[in-house]
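Report on the structure given below.
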Amino acid sequence: MESTAAAPWLSALLIGALVALSVYLVIALRRQQSRFTAQAVRLQELEERGQAAIKANDAKNQFLGRMSHALRTPLNVILGFAQIQKSKMPTDAPAYMVRNTEETLTAGWQLLNLIDDILDITRLEQQALSVSLEDCKLSEVVAHAASLVAAEAEEADITLDIEDSPLVVRADYTRLKQVLVNLLSNAIKYNTAGGKVRFQARAEDDGTVVCSVIDTGVGIEEADRERVFEAFTRLGYAEQEQIAGTGMGLALARFLSELMEGRIDFSSEPGRGSTFNLYLQASSAQAADVTSAITAAETAAPAAPPSSPLTVIYVEDHRASLELMKAIMDPLEHVTLLTATAAEEGIELALQHQPDLILLDINLIGMDGVTAARAIKGMPELSQIPLVALSADAIESNIQEAMSAGFTEYLTKPLDIDVLWRLIESLQSEGTP
């Protein structure tokens with residue numbers, strides 16, 4: 001009887017426990033679900049922020065690419081006419097006129113180097129920057145780099161002491177020059193009036209060449225040593241003395257040296273100067289056996305104007321650039337220049353005159369230069385005519401796209417007149433189609 005009477009009580013107790021357990025489980029599940037929901041929201045927010053950061057970075061890179069193009073176009077006109085002025089200057093021209101022209105050219109090329117640095121930082125972020133290693137005569141690369149900072153050194157009352165070197169290194173000529181320009185320019189900027197900047201190189205037993213840029217400047221404080229190679233970093237002295245610069249030079253120099261299978265380090269003593277060492281692989285070739293990689297712009301003697309008759313078509317929708325090309329070709333009696341402001345017009349001219357060379361801007365209104373190149377290469381009567389791109393677009397992927405469309409050469413603006421003359425000269429030596 002007692003057990004029978006206890007049964008309802010036990011049943012009620014069990015039911016109550018089950019109900020309580022069910023309520024607890026429901027509450028726990030809802031809390032867990034709430035946590036999962038909150039985590040999912042946070043993950044979604046993080047993903048959205050990541051996507052936003054990627055879009056912002058892409059937008060920044062696109063902006064820098066467009067800005068590079070926008071700056072190169074007027075700089076092409078400035079440097080172009082300055083080169084023409086220099087080429088026409090009589091031997092008895094006043095010293096101030098020669099100096100002013102040289103300073104205009106030096107400042108222009110320095111500005112171009114800065115634009116290239118900005119673009120290279122973008123390429124590094126996109127992992128789109130590449131190098132081509134070859135045997136380079138160190139003496140030539142250093143001489144060219146020194147010529148680009150000579151005016152800066154003179155203005156700052158800094159003596160440049162460039163030690164001649166017979167060594168040959170494995171490097172990308174253009175990138176090595178860029179690294180040396182950055183190292184020399186920094187050594188000048190962070191120097192004191194009446195100071196010195198010395199370049200010297202030595203070969204190590206392990207097959208390494210050490211290129212040293214030594215200055216007698218302010219040196220680097222201990223607190224700044226870890227920040228020297230950080231991009232967009234400006235050290236305290238630079239801000240205090242308002243030294244011009246963007247803080248990209250050393251960061252880019254380090255990246256480029258590593259791409260060339262080298263490295264950079266430095267030693268410094270505050271108040272007494274710094275020494276930056278660039279380590280590169282030595283070449284087994286002798287300097288006399290290495291074909292010079294130096295471009296026409298870097299040679300002491302200007303290119304000889306072409307002498308045999310040539311017909312050249314230039315397609316360009318930028319008025320000042322058209323006027324510049326006319327000025328470049330004007331003294332060349334054997335060259336007939338025909339111009340067009342649209343690709344379609346240029347193609348009609350080519351069909352009519354069968355030119356020896358077609359120069360095409362890439363960013364044309366309407367049909368662009370790449371599309372025009374493909375159209376020209378698809379026409380049997382025009383397909384053998386050499387095509388040369390002249391463009392302010394220096395984005396590597398765009399250059400590759402243009403070359404795959406059929407261009408023979410791709411010359412970036414600002415245009416070097418000697419480079420164009422030598423290209424025309426090579427057409428003459430090979431024979432026109």
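The values are calculated or read from the model by the stated rules, or taken from the named source; none is laboratory data. Computed from a prediction, not measured in an experiment: that's the story for all the values here. All Cβ positions, glycine included, derive from the backbone under ideal geometry; neighbour counts span all protein chains shown. Keep in mind that these areas ignore ligands, DNA and RNA; they rest on the heavy atoms of the full protein, side chains included. Shrake-Rupley method; radii C 1.70, N 1.55, O 1.52, S 1.80 Å.
Quick look at the values:
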| read-out | value |
| --- | --- |
| Filtered residues of region 340-366 (kept if open to solvent by 50 Å² or more (accessible area, probe 1.4 Å) and within 31 Å of the chain's Cα centre (by Cα)) | THR341, ASN363, ILE365, GLY366 |
| Filtered residues of region 203-232 (kept if of a type in the set (Val, Ile, Thr) and more than 18 Å from TYR279 (Cα to Cα)) | THR216, VAL218, ILE220 |
| Set THR192, THR174, THR208, THR246: member being modelled with pLDDT of 85 or more, open to solvent by 40 Å² or more (accessible area, probe 1.4 Å) and polar (S, T, N, Q) | THR192 |
| Verdict on ASP157 being modelled with pLDDT of 90 or more, surrounded by fewer than 16 Cβ atoms within 10 Å (Cβ to Cβ) and not in a strand (DSSP E or B) | yes |
| Any hit, region 73-89, residues being open to solvent by 60 Å² or more (accessible area, probe 1.4 Å), in a helix (DSSP H, G or I) and modelled with pLDDT under 80 | no |
| Which numbered condition ASN100 misses (of (1) farther than 30 Å from ILE399 by Cα; (2) crowded, with 19+ Cβ neighbours inside 10 Å; (3) of a type outside the set (Val, Ile, Thr); (4) at pLDDT below 85) | (2) |
| Checklist (1) touching a Ser or Thr at 6+ places or on another chain (Cβ under 8 Å); (2) within 20 Å of MET403 (Cβ to Cβ) applied to ASP356, failing item | (2) |
| Top-ranked residue in region 378-424 [being out of contact with any Gly (no Cβ under 9 Å at 6 or more places or on another chain), aliphatic (A, V, I, L, M) and in a loop (DSSP other than H, G, I, E, B); ranked as surrounded by the most Cβ atoms within 10 Å (Cβ to Cβ)] | ALA392 |
| Hits in region 206-232 (condition: over 18 Å from GLU261 (Cβ atoms) and of a type outside the set (A, V, I, L, M, F, W, C)) | SER212, ASP215, THR216, GLY217, GLY219, GLU221, GLU222, ASP224, ARG225, GLU226, ARG227, GLU230 |
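So that you can scan it fast, the table gives a plain yes or no per residue for (1) outside any strand (DSSP E or B); (2) out of contact with any Cys (no Cβ under 8 Å at 6 or more places or on another chain); (3) on the phi > 0 side of the Ramachandran plot:
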residue	(1), (2), (3)
CYS136	no, yes, no
HIS144	yes, yes, no
LEU148	yes, yes, no
ALA151	yes, yes, no
ASP161	no, yes, no
VAL169	no, no, no
LEU176	yes, no, no
ASN182	yes, yes, no
